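Below: one structure, written as structure tokens.
The values are calculated or read from the model by the stated rules, or taken from the named source; none is laboratory data. Just so it is clear, the structure is predicted and the values come from calculations on it, not from any experiment. Glycine also receives a Cβ, built like all others from the backbone with ideal geometry; neighbour counts cover every protein chain displayed. Just the protein is used for accessible areas: all its heavy atoms, side chains included, with ligands, DNA and RNA removed. Shrake-Rupley method; radii C 1.70, N 1.55, O 1.52, S 1.80 Å.
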Amino acid sequence: MTTADSIPTGVADILSDRVLGRTLVCTCGRDHEVHTREAVIARGVAGRVGEILPTRIAGTRCLVVADTRTWDVAGGDVASGLEAAFEVSRLVLDDGPDGHIHASVALVDEMESTCRDEFDFYLAVGSGTVNDLTKELA
């Protein structure tokens, strides 16, 4: 990763090669690595993930993780789009009693027992909670 000379604040700059895939020197005195190498924002991008990821991901076995709402909105399209390039499995997380998913050690343990580390990569579709749970699972 290369070092950026300043930390951009505008959306266009943040999504540019001035930030993505770089190490940023911060005024806090620390360096911050941005591991994201590409951001694609476009209509219908959920169905195009299968075109984008093969150039970025090694491996063939993928687990797509979503909650029930995001599965209906985009998860199914993402999984379908990946099937041409990858072996895709799905994990749709059930909402809790209050209609939301809550991250917990017990839920991650349940996810781990279901998945058994058989995937090359994991793809979260949805909220911060879904992303956090998927990162912990990975």
Matching residues in region 40-54 - criterion: being within 28 Å of E112 (Cα to Cα) and open to solvent by less than 50 Å² (accessible area, probe 1.4 Å): A46, G47, V49, G50, I52, L53
Lone qualifier among T23, T60 - being farther than 30 Å from T9 by Cα and of a type in the set (V, I, T): T60
Given (1) in contact with a strand residue (DSSP E or B) (Cβ under 7 Å, 6 or more places away or on another chain); (2) within 22 Å of R37 (Cα to Cα), number of the condition I52 does not satisfy: (1)
Criterion (open to solvent by 50 Å² or more (accessible area, probe 1.4 Å) and either within 16 Å of the chain's Cα centre (by Cα) or under 22 Å from T129 (Cβ atoms) (or both)) met by exactly one of D13, D94: D94
Selection count, region 55-86, where residues are closer than 20 Å to S113 by Cβ and open to solvent by 20 Å² or more (accessible area, probe 1.4 Å): 1
Every residue from region 104-138 that is open to solvent by 30 Å² or more (accessible area, probe 1.4 Å), of a type in the set (A, V, I, L, M, F, W, C) and at pLDDT below 90: A138
Qualifying strands (runs of 3 or more DSSP E) (wholly inside region 1-120; at least 1 residues being among the acidic types (D, E) and in contact (Cβ under 8 Å) with a residue 40 or more places away in the chain): 61-67
